[in-house]
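Here is the structure we will look at, set down as structure tokens.
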Amino acid sequence: MTIEKVKGFRDIFAPESLKKEKIIGILQEKAKLFGFMPAETPTIEYDELLKGDNGNDEAVSDRFRLKDKGNRDLGLRFEFTVQLPRILKEFPNVKLPWRRYQVGNIFRDEPLRAERYREFSQFDADIIGDESINADAECLAFADSVLKELGIKAEIKINNRKLLNSILQKSNITKNQQQILREIDKMDKLSQQEIKKNLNKFLSEKQIKDLFNLFSKNLDYFTKNNFSGSEEIKELENLGKIYGFKIKFTPILMRGFSYYTGNVWEIWSNEKKAALAGGGRYDDKVGKYVNRKISAVGISFGTLLDYDKIDILDSVMKYLIISLNQDKEAINLAQQIRSKGKSAMIYYGKPSKALEYANSNLIQNAVFVGEKEIKSGKFKVKNLKTGKESLLRII
């Protein structure tokens with residue numbers, strides 16, 4: 001028997017775990033500043049709920065399915081928003097608009113690819129019951145505040161599903177719209193020539209030419225010519241100026257073919273060549289079990305949680321207390337340091353191995369506790385990054 005982890009899953013340790021923890025902490029802190037409150041939902045739901053009406057969607061078809069001892073058809077959540085319709089049915093007295101955030105692991109039985117896992121963490125922030133573009137702006141202002149706090153440079157790419165539909169209509173495209181949008185969605189992976197070649201299966205040369213001509217236009221063109229959805233992007237752009245964030249109009253941005261109903265966005269990192277977050281407005285989903293339309297908009301952070309260029313100096317262990325056969329005093333010193341809100345651990349092994357241990361565990365400072373230090377009440381502190389030494393007095 002080979003003892004190893006299941007393919008598509010991973011173990012995470014420091015320093016990666018510290019970076020992830022710091023990012024999640026900042027997301028939680030900023031979310032609360034914008035009025036989002038924490039929520040928790042079960043990892044397992046009835047498979048009927050998870051499947052919903054979109055059994056052919058990639059995320060839905062990749063769901064993990066299982067049975068319990070009662071032979072009930074169950075599954076692991078593949079996203080958080082799929083649970084919202086159930087919540088609004090089971091808790092009809094939730095006061096709207098409801099701002100909630102959630103962080104946790106989700107599961108997808110996807111084909112294995114580099115840096116894609118079958119279990120991964122996600123952070124969602126949603127506003128349920130507010131149909132105004134102000135709610136869209138609040139989601140993006142929250143995201144912008146997180147990026148600024150983390151020192152990450154990224155673009156906020158914006159499009160609108162109504163505008164996409166309007167572009168197809170103006171190009172006289174009425175058939176195979178889903179397949180056509182899927183081909184256009186590959187523009188960040190394939191050349192324009194390859195996309196056009198693939199579209200030849202569905203469209204005439206004139207339709208392709210008209211389509212790409214419209215994709216080259218700026219937002220003002222669409223607003224002046226009354227393309228549906230363009231006014232929503234324009235309003236969001238103007239609100240962004242008040243909040244202090246910029247958007248980049250991207251008419252080929254797709255996201256969730258059967259999911260989103262209005263503005264859609266992606267937080268794009270040119271450095272990582274990946275989307276750190278994404279989201280948009282999905283007004284036709286969350287009210288389906290209560291037979292009424294309930295507006296909803298949100299943003300989901302996935303790749304951001306694995307962002308590696310994060311300073312974790314404030315997150316690592318501050319002191320390694322090295323006991324030179326003075327265990328009681330080492331414990332007392334560690335407790336004093338902890339009482340001041342600083343992290344500390346005690347090393348009881350051979351001093352020759354202590355510094356090696358500290359370095360391998362990212363500990364910043366080593367403190368030696370021996371008879372000489374106890375008598376003087378002064379402890380030598382060695383900064384393991386700079387090599388500089390200082391004194392720490394007993395308080």
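The values are calculated or read from the model by the stated rules, or taken from the named source; none is laboratory data. Treat the numbers as computed from the prediction; the structure is a model and nothing was measured. We place every Cβ from the backbone using ideal geometry, glycine too, and count neighbours over all the protein chains shown.
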**Complete:** Counted residues in region 315-347 being part of a loop (DSSP other than H, G, I, E, B) and either aromatic (Phe, Trp, Tyr) or without any contact (Cβ under 8 Å) to a residue 24 or more places away in the chain (or both) come to 1
**Asked** Any chance region 291-310 includes a residue that's surrounded by 15 or more Cβ atoms within 10 Å (Cβ to Cβ), outside any strand (DSSP E or B), among the small types (Gly, Ala, Ser) and modelled with pLDDT of 95 or more?
**Response** yes
**The listed residue being part of a helix (DSSP H, G or I) and either within 25 Å of Ala135 (Cβ to Cβ) or assigned by TED's automatic domain parsing to the domain that holds Cys139 (or both), out of Lys95, Lys89, Lys69** = Lys89
**Prompt:** Which residue pairs have Cβ atoms under 8 Å apart, sit 6 or more places apart or on different chains, and have a first residue in region 16-35 that is over 19 Å from Lys309 (Cβ atoms) and at pLDDT 95 or above and a second that is hydrophobic (A, V, I, L, M, F, W, C) and not in a helix (DSSP H, G or I)?
**Reply:** Gln28/Val103; Ala31/Ala125; Phe34/Ala125
**Item:** Count - residues of region 173-196 that are more than 29 Å from the chain's Cα centre (by Cα) and either closer than 11 Å to Met254 by Cα or touching a residue at least 60 places away in the same chain (Cβ under 8 Å) (or both)
**Value:** 0
**Message:** Can you tell me which of (1) touching a Lys or Arg at 6+ places or on another chain (Cβ under 7 Å); (2) in contact (Cβ under 8 Å) with a residue 40 or more places away in the chain; (3) outside any loop (DSSP other than H, G, I, E, B) is the one Leu74 doesn't meet?
**Reply:** (2)
**Message:** If I ask for residues that are farther than 12 Å from Lys157 by Cβ and at pLDDT below 90, which ones from region 246-273 would you list?
**Reply:** Gly256, Phe257, Ser258, Tyr259, Glu271, Lys272, Lys273
**Request:** Within region 207-239, work out how many residues are modelled with pLDDT under 95 and over 15 Å from Asn160 (Cα atoms).
**Result:** 8
**Request:** Mind listing whichever residues of region 11-49 are over 15 Å from Gly104 (Cα atoms) and in a loop (DSSP other than H, G, I, E, B)?
**Result:** Asp11, Phe13, Ala14, Pro15, Phe34, Gly35, Phe36
**Item:** Members of region 129-157 that are closer than 20 Å to Asp284 by Cβ and under 19 Å from the mean Cα position of the chain (by Cα)
**Value:** Ala135, Asp136, Cys139
**Message:** If I ask for residues that are outside any helix (DSSP H, G or I) and surrounded by fewer than 17 Cβ atoms within 10 Å (Cβ to Cβ), which ones from region 156-199 would you list?
**Reply:** Asn172, Thr174, Lys175, Asn176, Asp185, Lys186, Met187, Asp188, Lys189, Leu190, Ser191
**Message:** Yes or no: region 361-375 includes at least one residue that is part of a loop (DSSP other than H, G, I, E, B), surrounded by fewer than 18 Cβ atoms within 10 Å (Cβ to Cβ) and free of Cβ contacts under 8 Å to residues at least 12 places away in the same chain.
**Reply:** no
**Message:** Looking for something under 30 Å from Ile12 (Cβ atoms), outside any helix (DSSP H, G or I), touching a residue at least 12 places away in the same chain (Cβ under 8 Å) and not small (Gly, Ala, Ser) - is there at least one such residue anywhere in region 125-147?
**Reply:** yes
**Prompt:** What residue, of Glu131, Glu149, is under 23 Å from Ala296 (Cα atoms), surrounded by fewer than 21 Cβ atoms within 10 Å (Cβ to Cβ) and acidic (Asp, Glu)?
**Reply:** Glu131
**Flag for Ala277 being surrounded by 15 or more Cβ atoms within 10 Å (Cβ to Cβ), aliphatic (A, V, I, L, M) and in the same structural domain as Ile374 (by TED's automatic domain parsing)** = no
